[in-house]
Amino acid sequence: MTIDDIVGFVGGLEGVLAVRPAPGDGSPEISWGDTFFYHAPDGTVPATGQPFATIVTKDRPGDTSSRLDRPDAFRVNVAAGKEEFVRRTGRTPRDPVGEEDAGAADTVMAHPVYGSLGWLAVVNPGPGTDEVLRQLLRRAHHLARERHERRLGR
């Protein structure tokens, strides 16, 4: 899976806004090349709430264990919910992390920084995670849509 494959898939889900910061748009340089997915049926970034998934293309301060400084490396981050987190990792988000290679490609794992919040991650998704990642992204989108509807009182 390429970044464009993922952006196309997630962007095709109902009410999704994909934000791709780039030079000249006022976004911080560290975010250039990344993608942030919001459930935003009105087409504007929500004033409250976070993205339900992201694609990051480089290491950040305090977040280097995925080794995204390698050529063509990227990581997909997904807020798929506690149930999916437990199902995919075999532990709750608050449980201590065992020995895990956060830079392992094509593997679903706890997010190296936000795993305690129930986020999952996949570095360089490929054939081993293609369908699972699509399921996780659909689930995260569903949860984001439900939160949006609750905020609207529906």
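A few comments on the model shown:
- When residues of segment 17-36 are limited to those that are open to solvent by less than 30 Å² (accessible area, probe 1.4 Å) and in contact with a helix residue (DSSP H, G or I) (Cβ under 9 Å, 6 or more places away or on another chain), the one nearest to G49 (Cα to Cα): T35
- Cβ-Cβ under 6 Å pairs, at least 6 apart or on other chains, segment 63-77 side open to solvent by 20 Å² or more (accessible area, probe 1.4 Å), far side of a type in the set (D, E, K, R) and in a loop (DSSP other than H, G, I, E, B): D69/D59
- Screening segment 133-154 for residues that are more than 17 Å from T89 (Cα to Cα) and open to solvent by less than 40 Å² (accessible area, probe 1.4 Å) and picking the one that is nearest to the chain's Cα centre (by Cα) gives H141.
- Of all residues in segment 82-104, those satisfying the criterion of being surrounded by 15 or more Cβ atoms within 10 Å (Cβ to Cβ) and either among the charged types (D, E, K, R) or in contact with a Gly (Cβ under 9 Å, 6 or more places away or on another chain) (or both) are E84, F85, R88, T89, P93.
- When segment 105-128 is filtered for residues that are open to solvent by less than 40 Å² (accessible area, probe 1.4 Å), under 16 Å from T54 (Cα atoms) and part of a loop (DSSP other than H, G, I, E, B), the ones remaining, listed by number, are H111, G118, P125.
- Among residues of segment 1-14 that are under 13 Å from D130 (Cβ atoms), those with a Cβ under 6 angstrom from a residue that is of a type outside the set (G, A, S) and part of a helix (DSSP H, G or I), sequence gap 6+ or separate chain, pair up as M1/D130.
The values are calculated or read from the model by the stated rules, or taken from the named source; none is laboratory data. Only a predicted model underlies this, so the values are computations on that prediction, with no experimental measurement involved. We place every Cβ from the backbone using ideal geometry, glycine too, and count neighbours over all the protein chains shown. Side chains included, ligands, DNA and RNA excluded: accessible areas come from the protein's heavy atoms. Shrake-Rupley method; radii C 1.70, N 1.55, O 1.52, S 1.80 Å.
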